[in-house]
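Asker: For reference, the structure I am asking about is given below.
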Amino acid sequence: MQPAPTDAASEGRRARAAAARLVHRLAGVGPLIGLIALCVLGTLLNRDFATAGNLLNVLTRTSFIGIISVGMTFVIISGGIDLSVGSMAALIAGVMIWTMNTLADAHGLAPLAIVATGMAIALVLGAAFGLAHGLLITRGRIEPFIVTLGTLGIFRSVLTWLADGGALTLQNPLVDLYGPVYYASLFGIPVPVWVFALTAAGGALILNRTAFGRHVQAIGSNEQVARYAAIRVDRVKCATYVLLGVCVGVATVLYVPRLGSATPTTGLLWELEAIAAVVVGGTALKGGEGRVAGTVVGAVLLSVIANILNLTSIISVYLNAAVQGVAIIAVAFLQRGRR
Amino acid sequence: MSVAVKFHDIRKDFGPVRVLHGVSFELAPGRIHGLLGENGAGKSTLMKILAGYEDASAGELLVDGVPRRFEGSREAEAAGIVLIHQEFNLAEHLTIAQNIFLGHEKRKGWLVDDTAMRREARELLAQVGLARDPDMKVRELIVAEKQLVEIAKALSRHARLLIMDEPTATLTPAETARLFALMTKLRAGGTTLVYISHKLDEVEKITDDVVVMRDGRFVAASATAGLARQQMANLMVGRDVSDMFPEKGAAPEDAPVALRVTNLTVPGWVEELSFEVRAGEILGFAGLVGAGRSEAFEAIMGLRHKQAGEIEIDGRTLTLRHPRDAMRHGLTYLSEDRKGRGLHMNLTLQDNLTLMTLERYGHPLLDLKACRRALEKAVRDFGIRTGDLDSRARMLSGGNQQKLALAKFLQPDPRVIVLDEPTRGVDVGAKRDIYFLIQRLAASGRAVVVISSELVELIGLAHRVAVMRAGRLVATLGREHLNEEELIAHATGTH
């Protein structure tokens, strides 16, 4: 519209644009408001909720899903999806433990070197799995949903086979050495929370302030336009899956020392929690727009729900997933038509 | 039985913005009415009110003398009023017959009666002159054919007043001629037609009366015969637009060749195409839709697989596998499909503008202030009219979107730029701006390729025009041969 604007009309338009921006921003902080409300509720219901110990516990437990969700945010914004992350984490954990145990049995290596090798393997495997996904999706021209649905089955069954249907358990001396990666604190904050915070901050910076992040958003917003704008769409898409794979690797590195074992149920349903965190955080499942900060809020919000159910007896803890499900649907309902 | 329409003091507000300021005029029955106005003049909104897609905020709509207020397009259709949108409302994956009867399926008991629908669809297709099987999927049709399907669909609803919003925007001259013949036939059958268009030559050719709107107001109504093209343009813009095209500079005959393409073959589209364009030259590409013009350049850019062909930029033979390679060597291509391939409608102006050259701003973090300065400069240089620098591309008018798209594809500072239908869906004022911009690009030593279906545009702008037909280059016309008759003759193969 471009008629010679009268002052009143242009003022009206400006006011409308400002109002639209405000609504947009409010919708952006919606999940944060929800989280704060939940925390207030938690405090009212149980005095133990607002203690530093409990909150750090919640954050520590969030860190696995949170770190994966940061990677998932990139994949979903680019218009993709990865259903395999839970199985991938399980398989990486299994391979890590198996490798470390084998190296320990061979006696040659120092325990520290063994643990370091295990960690490196986790990251390399994550990147490799992500690359495989990316290549199958871009070069192979297969829907991401299908590719990762396939690997979801493959990863978990390979782990089950490795573990012979049971558990792969890390040997004791290694557990003692590796344990602090999950259990130790730095300046009073548990290590996993530090890693989660760094991953989230790095992710936000990459998404909002680098050419790569902008390309990811452009591809999710309209892939054809991105292609015609000389963006290497295939490469960027591949990179998002590699990034997510590395995030899964990092999460697994933190997860393994927690229990020291990998079983066929390790990481079960993580994919759904990670996707839920991204969506609750305000990223559209069809791609294009989203924020890492939103994802972090989403991940924390989901585990706060679980924590409150644990601390109070109003709703059975067995209904945790149901309450989370209600929260997800409610958020999606509030965000419909925002675009 | 034709339909007569009378608008009385129609107003329409979208939130605080008034887009129609009390419009009153009449449409006599059984005639073809041209509805003229720049983008944003309120033509489409008014027609949506008539066809039941929008509700007037105030005022009265009389159909055959009876005040009406349609609750939806279905109600308007029941009254015989059908609007064909600029962007078609066809389900690509359904067949022609299924589309024609979509929402009005014929039934036999509980089941749909495909046989009857197919039979009737065949009759309707014959009526509109489309020789296609009703079982063909709509996605397999070219744009002009989809248009005919839309008209067939309107006929199946017994349209007595047919509104066409820029029906020829994507049609070639031959297809347009066919459409006009059909419109004349419909008029003879008693249908009232409203024809919305920017193309004044066509309005002159086909309409009986014209109504001009500007800034949401009625400006003038007249018999077409009583109004010269120039007067129409002046009424639309509200000022004199006698000089649409810039002065053509001399063709740079001794300038170096900027882009040379030899024996380009794209399977199914282009066969052994060879041409060259010099620095400072504007080379036009004419041809019917499907002649392979866009496909040829997509293949050159690395957007489409090519079977053979050599590409030379500034004398160096290159292999361009991806648009990024082309961009690096100084070649960019602005697609004809602005919404689907040119701009991210949902992203901000700044993100759109800088998308191709983000590396320039990343060290490695993007310098957002520099991005902002680039936007401010582009808004100034290209005359992009926007109330708000932070708005999204979709909020701009068609003409301003196109200027933004031009700015975007000029950001990499290409030495050769290919513009595919650069003025499609753009109003007269913006068109003129774009023509002058193209002229300036050439004057600054860039080679410019303009692909266009508007012959007037190619004649007014280009130094030479290459004509393609069925994937082959059939002629390259220099200045002395540049006229509509020659171009059409070559494009249609009736030379």
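Asker: For the stretch A:55-191, what class follows from the C-alpha gyration tensor (a ≥ b ≥ c being the square roots of its eigenvalues): rounded when a/c is under 1.5, otherwise prolate if a/b is larger than b/c, else oblate? List each step's numbers first, then the result.
Answerer: Values: a/c = 2.22, a/b = 1.38, b/c = 1.61.
The shape class here is oblate.
Asker: With the crude spin-label approximation of a point 7 Å out along Cα→Cβ, what separation in nm comes out for A:Ala106 versus A:Tyr318?
Answerer: Placing both labels 7 Å along Cα→Cβ, they lie 4.8 nm apart.
Asker: What's the exposure ranking of A:Trp270, A:Trp161, going from fewest to most Cβ atoms within 10 Å? Walk me through the intermediate numbers first.
Answerer: On the way: A:Trp270 23, A:Trp161 11.
Sorted ascending by nearby Cβ count, the order is A:Trp161, A:Trp270.
Asker: Which order results if B:Phe382, A:Phe74 are arranged by neighbouring Cβ count within 10 Å, fewest first?
Answerer: By the 10 Å Cβ count, ascending: B:Phe382, A:Phe74.
Asker: Using a Förster distance of 45 angstrom, determine the FRET efficiency expected from the C-beta separation of B:Val112 and B:Glu26, and round it to 0.05.
Answerer: Efficiency at R0 = 45 Å is approximately 0.65.
Asker: For the stretch B:401-409, take each phi angle, set θ = phi - 60°, evaluate the Karplus expression 6.51 cos²θ - 1.76 cosθ + 1.60, and give the result in whole Hz per residue in order, putting x for glycine and proline.
Answerer: Calculated HN-Hα couplings, in order: 4, 5, 5, 5, 4, 4, 4, 4, 7 Hz.
Asker: Moving on to the next point. Less than 20 Å from a label point 7 Å out along the Cα-to-Cβ axis of B:Arg217: which backbone N atoms in the stretch B:18-38 qualify, by residue?
Answerer: Answer for the stretch B:18-38: B:18-26, B:35-38.
Asker: What is the angle, in °, between the Cα long axis of helix A:211-221 and the longest principal axis of the Cα atoms in chain A? Nearest 10 is fine, range 0 to 90.
Answerer: 70
Asker: Turning to a different aspect of this structure: In terms of modelled amide H atoms, which long-range or inter-chain residues lie less than 5 Å from the amide H of B:Gly59?
Answerer: Amide H neighbours of B:Gly59, under 5 Å, 5+ apart: B:Arg11.
Asker: Among rounded, prolate and oblate, which fits chain A when a ≥ b ≥ c are the square roots of the eigenvalues of its C-alpha gyration tensor, a/c under 1.5 means rounded, and a/b larger than b/c means prolate? Show your work: numbers first, answer last.
Answerer: Numbers: a/c = 2.20, a/b = 1.41, b/c = 1.56.
Oblate, because a/c is 1.5 or more while a/b does not exceed b/c.
Asker: A follow-up question, please. How big is the charge dipole of the stretch B:17-151 about its Cα centre, in debye rounded to the nearest 20, if each Lys and Arg gets +1 on its Cβ and each Asp and Glu gets -1 on its Cβ?
Answerer: On the way: 17 positive and 21 negative charges, 21 e Å.
Rounded to the nearest 20 debye, it is 100 debye.
Asker: Measure nothing but the geometry: give the 0 to 90° angle between the long axis through the Cα atoms of B:173-188 and the longest principal axis through the Cα atoms of chain B, rounded to 10°.
Answerer: 10
Asker: Continuing with this model, one more query. Mind checking the stretch B:216-280 for trypsin sites (Lys or Arg not before Pro) that DSSP puts in a loop (not H, G, I, E or B) and that have at most 10 other Cβ atoms within 10 Å?
Answerer: Values: sites: B:Arg217, B:Arg229, B:Arg239, B:Lys248, B:Arg260, B:Arg278; in loops: B:Arg239, B:Lys248.
Sites meeting the loop and neighbour criteria: B:Arg239.
Asker: Mind sorting A:Ile308, A:Ile67, A:Ile189 by how few other Cβ atoms lie within 10 Å of their own Cβ, fewest first? Show your work: numbers first, answer last.
Answerer: Working: A:Ile308 23, A:Ile67 30, A:Ile189 13.
Neighbour counts put them in this order, fewest first: A:Ile189, A:Ile308, A:Ile67.
Asker: If the only charges are +1 at each Lys and Arg Cβ and -1 at each Asp and Glu Cβ, what is the size of the charge dipole of the protein assembly as shown around the Cα centre, to the nearest 20 debye?
Answerer: Details: 88 positive and 80 negative charges, 235 e Å.
Using only the charged Cβ atoms, the result is roughly 1120 debye.
Asker: According to a simple spin-label model (label point 7 Å from Cα along Cα-to-Cβ), what is the distance in nm between B:Glu71 and B:Glu247?
Answerer: Reported label-point gap for B:Glu247 and B:Glu71 is 6.4 nm.
Asker: List the relative contact order of the stretch B:257-492 as a percent without decimals, with contacts defined as Cα pairs under 8 Å and 6+ residues apart.
Answerer: On the way: 470 pairs, mean separation 69.5, N = 236.
After rounding, I find 29 percent.
Asker: So how far, in whole Å, is the C-alpha centre of the stretch B:247-261 from the one of the stretch B:54-84?
Answerer: Each part reduced to its Cα centre gives a spacing of 55 Å.
Asker: Shifting gears a bit: Cα axis of helix B:114-128 to longest principal axis of chain B: angle in degrees, 0 to 90, nearest 10?
Answerer: 70
Asker: Farthest toward the dipole's positive end in the stretch B:257-492, which of B:Pro412, B:Gly425, B:Gly342, given Cβ charges of +1 (Lys, Arg) and -1 (Asp, Glu) about the Cα centre?
Answerer: B:Pro412
Asker: Charges only on Cβ, +1 for Lys and Arg, -1 for Asp and Glu: so what's the dipole of the stretch B:5-237 about the Cα centre, in debye to the nearest 20? Before the final figure, lay out each step's value.
Answerer: Numbers: 31 positive and 32 negative charges, 58 e Å.
In total the dipole reaches around 280 debye.
Asker: Suppose each label sits 7 Å from its Cα in the direction of the beta carbon; what would the B:Ala489-A:Thr265 distance come out to in nanometres?
Answerer: Each label point is offset 7 Å from its Cα along the Cβ direction, giving 8.5 nm.
Asker: Beyond 28 Å between alpha-carbons counts as too far, so tell me which of B:Lys146/B:Lys205; B:Lys369/B:Lys408; B:Lys153/B:Lys403; B:Lys6/B:Lys339; B:Lys146/B:Lys199; A:Lys237/B:Lys339 fall in that bin. Working shown, then result.
Answerer: Values: B:Lys146/B:Lys205 23 Å; B:Lys369/B:Lys408 17 Å; B:Lys153/B:Lys403 35 Å; B:Lys6/B:Lys339 35 Å; B:Lys146/B:Lys199 20 Å; A:Lys237/B:Lys339 22 Å.
Listed pairs above 28 Å: B:Lys153/B:Lys403; B:Lys6/B:Lys339.
Asker: Here is a follow-up. Considering only DSSP beta bridges where both residues belong to the stretch B:257-492, give the percentage that are antiparallel (nearest 5).
Answerer: Numbers: 21 of 39 bridges.
Around 55 percent of the beta bridges assigned by DSSP in the stretch B:257-492 are antiparallel ones.
Asker: Apply the Karplus parameterisation 6.51 cos²θ - 1.76 cosθ + 1.60, with θ equal to phi minus 60°, to every residue of the stretch A:157-162 and state each ³J(HN,Hα) to the nearest whole Hz, in sequence, with x for glycine and proline.
Answerer: 6, 5, 4, 4, 5, 4
Quick note: the coordinates plus some simple rules give every number you see, no bench work behind them. Keep in mind that this is a model prediction, so the values were computed, not measured. For neighbour counting, all protein chains shown are included, and Cβ atoms are generated from backbone atoms with ideal geometry for every residue, glycine included.
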